[in-house]
1. Which of R88, R223, R104 moves most in a GNM of the chain, Cα contacts under 10 Å?
2. Where does helix 155-167 land angle-wise versus the long Cα axis of the chain, in degrees 0 to 90, nearest 10?
3. Compare G80, G106, G125 in a GNM of the chain, Cα atoms joined below 10 Å, and give the one with the largest fluctuation.
4. Rounding to the nearest 10 and keeping the result within 0 to 90°, find how far the Cα-based axis of helix 185-200 lies from the longest principal axis of the chain.
5. Does anything in region 27-69 have its amide N under 13 Å from the 7 Å Cα→Cβ label point of R196, and if so which residues?
6. Can you give me the long-range amide H partners of V101? Hydrogens built in the peptide plane at 1.01 Å from N, cutoff under 5 Å, separation of 5 or more residues or another chain.
7. Working out 0.36 nm times the residue gap between A124 and R148, then minus their Cα-Cα distance, what length gain in nm do you get to one decimal?
8. At 0.692 mPa s and 37 °C, plugging the Kirkwood radius over alpha-carbon pairs of the chain into Stokes-Einstein gives what diffusion coefficient in µm²/s?
Amino acid sequence: MAGVHAAGVPAAGGPAAGGAALRGTGLYRTHRRGREEVHALRGVDVAVAPGEVVALLGRSGSGKTTLLHCLVGWERPDRGEVTVPGARSPGEADWSTLAVVPQRLGLLDELTLADNVAMPARLAGAPDPRAAALAGLEQLGLGALADRLPDEVSLGEQQRTALARALVLRPAFLVADEPTGRLDQELSVHVLGVLRACADTGTGVLVASHDPLVVAAADRVVRLSDGRVVGAGDGGDAAGGQPARSAG
């Protein structure tokens with residue numbers, strides 16, 4: 001049976017207590033496709049520490065999105081444990097603890113960009129959700145679009161809005177699925193700069209991506225192939241990745 005551990009509650013907007021990592025240990029997940037069983041995860045270990053940016057790489061079908069879904073509680077692993085510092089289970093973590101940028105973005109069509117971004121802050125009882133939302137949109141170059149609806153902006157602008165929403169509570173951990181997938185190089189560099197700034201203030205960032213810019217910006221790379229973390233001899237290591245950025 002899948003298990004979950006709790007590990008101390010972080011201060012709102014800060015790194016997890018005692019530097020505890022977001023962690024998946026021995027994760028297995030099988031999907032059924034008709035009569036076929038698809039082994040999406042086969043004993044995956046992964047960890048993201050406060051203050052680091054980890055790039056999760058792998059071809060389509062390698063298990064990246066399934067792994068992210070298990071870490072944030074949208075799927076339960078068949079076996080293995082997920083540890084979310086500050087929460088009893090991944091599904092119970094609020095967005096000041098664990099925020100998500102899903103591949104399908106999940107913006108509410110009837111709300112403006114500002115109201116979409118403000119939603120987690122409003123639900124958390126923050127003192128001025130709209131001001132926090134406007135600041136987040138401005139940081140990502142979307143301040144002039146704050147009062148537009150999602151279908152009135154481009155997919156790339158929607159993607160940055162989803163990132164602003166994830167960051168509005170300055171979460172302890174951020175999990176993002178292809179956050180630069182709809183952006184040009186200049187905007188990708190800008191977004192990665194925002195993620196680096198978040199990491200520098202203590203947020204642990206896990207980014208699933210095919211983008212070489214993400215790899216260059218990451219502190220560490222974890223590679224998945226056929227549901228497994230690729231070993232050191234193939235460009236990673238079983239303990240959870242290889243360095244990506246050089247020091248200094």
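1. Looking only at R88, R223, R104, the largest GNM fluctuation is found for R104.
2. Between the helix axis and the principal axis of the chain, the angle is about 80 degrees.
3. G125
4. Here the helix axis deviates by roughly 80 degrees.
5. Only 53 fall inside the zone, counting backbone N under 13 Å.
6. Those lying under 5 Å, H to H, from V101 are V175, A176, D177.
7. Values: separation 24, 0.36 × 24 = 8.64 nm, distance 2.36 nm.
Full extension of this stretch gives 6.3 nm more.
8. On the way: Rh = 18.1 Å.
Approximately 181 µm²/s, per Stokes-Einstein.
Every number here is computed from the coordinates shown, using simple stated rules; none is lab data. Being a predicted model, the structure only gives us computed values, none of them experimental. Here the Cβ is made from the backbone with ideal geometry for all residues, glycine too, and neighbour counts use every protein chain on show.
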